[in-house]
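Nothing in this text is a laboratory measurement; each read-out follows from the coordinates by a stated rule. These figures come from a predicted structure and were not determined experimentally.
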């Protein structure tokens with residue numbers, strides 16, 4: 001009698017870029033620029049503050065938790081949720097950052113922009129990995145969403161001081 005194989009965790013086998021592929025130093029430095037800490041979790045250990053479980057990043061307060069098998073897009077998405085919050089509200093976050101649809105939409109754009117700040121990654125890779133992982137958008141892809149269907153998200157990011165007015169580039173949190 002053949003034994004059934006256990007199902008793979010969501011997103012497994014998708015070929016998405018994982019933290020183990022790029023290392024923790026550059027993502028930790030990026031998060032630090034926004035007043036956040038990246039806490040490495042031991043391989044195979046549960047990730048504290050992970051909403052989805054498995055390899056997905058977690059958030060508690062100003063800390064983002066991840067393992068080597070955590071997708072880079074997941075780390076950037078969860079970090080994005082903390083980045084968009086005023087520092088005083090960050091301390092209250094545990095696992096679930098928001099129930100705001102406009103904020104969620106903006107974070108989906110922001111994680112691509114944060115990808116641009118990681119050497120050798122970029123927004124195109126992050127948006128492609130979002131598609132491979134199973135994110136769904138009305139126009140069929142994260143890139144199409146960000147480029148053709150996310151005007152409200154871009155305005156939200158601009159209004160919150162995260163994107164340069166009149167551009168689609170990330171504001172340096174230490175400029176000015």
Stretch gain in nm, segment residue 148-residue 116, where the contour uses 0.36 nm per residue and the Cα spacing is subtracted: 9.6 nm
Fluctuation leader among 61, 120, 20 - the chain, Gaussian network, Cα springs under 10 angstrom: 120
Ellipticity estimate at 222 nm from DSSP helix runs (n ≥ 4, -39,500 (n - 2.57)) divided over the chain, nearest 500: -11000 deg cm²/dmol
Counting DSSP beta bridges with both ends in region 26-70, the antiparallel % (nearest 5): 50
Percent of Cα pairs exceeding the 31 Å cut-off, where the set is the chain: 11
Region 35-138: relative contact order as a whole-number percent, Cα under 8 Å and 6+ apart: 21
Highest-MSF residue in the chain out of 94, 81, 73 [GNM, Cα springs under 10 Å]: 94
Percent of beta bridges antiparallel (DSSP, region 19-159, rounded to nearest 5): 55
Fluctuation leader among 39, 92, 111 - the chain, Gaussian network, Cα springs under 10 angstrom: 92
Average Cα contact separation per residue, the chain, under 8 Å, 6 or more apart, as relative contact order %: 18
